[in-house]
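I have placed the structure first, in the form of structure tokens, so that the comments after it can refer back to it.
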Amino acid sequence: MPFFQKFWIDCEHKTVYYSIPMGLQVIIATCKKRKIIRMNRDEFINKAKTLEPAALIAFAFDTYGKRAAIGTSLQKTGSVMIDMASRSGIEYSVFFVDTFCNYDETIELYRQVQEHYNIEIERLEPDPKDIEDLYENFGQYPFYSSFGRSRCCEIRKRLPLLKKLKDLDVWISGLRSDQSDHRQANSQKVAVAKMGGFDIIKINPLFDWTAEQIDAYLKDNGVPYNKLYDFASPYGEKFREIGCKHCHIPVKDEAPKRAGKFPWEDSHKECGLHKDGSGI
Ligand code: SF4
């Protein structure tokens, strides 16, 4: 047995990684304000894969404390995950990637969810200087060119998200497999995500759930959700996913799965955060 052993020690608002002499762990373990994460990453992943969504979310927060967080753009899956976390009775964290391009209804939901669950959702924002440069380089509508769109997503989503994820061990995301063939083929319920420079355990608790299961959960549990999902145009178009207002539109029921996102694109439906889809 090595003389020194490594532990994550979660003490109130920060978590630090210690290498401590054997024996000292007994003293630390008796401090009620601190939590020692004894499980290694592989053990965590193996167990996580066997759990149902609510139990999986609770397990992540129970094991990693403040080094786990739900990342959401407040789509329906985000609402479900927050509700499950709140019912677990375990302390949990949520962050919202605010692109500054959201529909008013999304911002209204952001306020409503905080009030409903009595939580503070951390709001990640793009750097205003980057936004200025974006418009200078690509004009007023950067989303409509492939370079501009990629840079816009980079600035508004990817960079703020990466900055946040560097402080976490577990990213809990709302990605589902039936959202697209791409996601079905490239993602998993629990996996280590390579982020370029670091990696992180990425959990998609609702990965196997259908859109119908999500709707049923929202209804049965009185969960707040984005009211835009109830909108229908005079032509019968509805929102399937809600993100930045420039790039997400309502579509007809018979349209392809991700037709409402980047509607002018035939392929390229992901924001470039991951090969497996952003999940936020
Ligand atoms: S979804 Fe559209 S508006 Fe939002 S960050 Fe990406 S390109 Fe920009």
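The values are calculated or read from the model by the stated rules, or taken from the named source; none is laboratory data. All values derive from a computational prediction rather than experimental measurement. Here the Cβ is made from the backbone with ideal geometry for all residues, glycine too, and neighbour counts use every protein chain on show.
Among residues of region 92-115 that are under 21 Å from Gln140 (Cα atoms), those with a Cβ under 7 angstrom from a residue that is assigned to a strand (DSSP E or B), sequence gap 6+ or separate chain, pair up as Asp98/Arg123; Asp98/Leu124; Thr99/Cys244; Cys101/Cys244; Asn102/Cys244.
Wholly within region 38-107, which helices (runs of 4 or more DSSP H) include no fewer than the required count, namely at least 2 residues that are under 18 Å from Ile214 (Cβ atoms)? Before you say what the answer is, go through the steps one by one.
Working: elements: 41-48, 53-64, 76-88.
Correct list: 53-64, 76-88.
Residues in region 60-99 that are β-branched (Val, Ile, Thr) and either within 18 Å of Lys166 (Cβ to Cβ) or within 16 Å of the ligand (Cβ to nearest atom) (or both): Ile70, Thr72, Val94, Val97, Thr99. The combined condition, being modelled with pLDDT of 95 or more and in contact with a Phe, Trp or Tyr (Cβ under 6 Å, 6 or more places away or on another chain), is fulfilled by Leu165.
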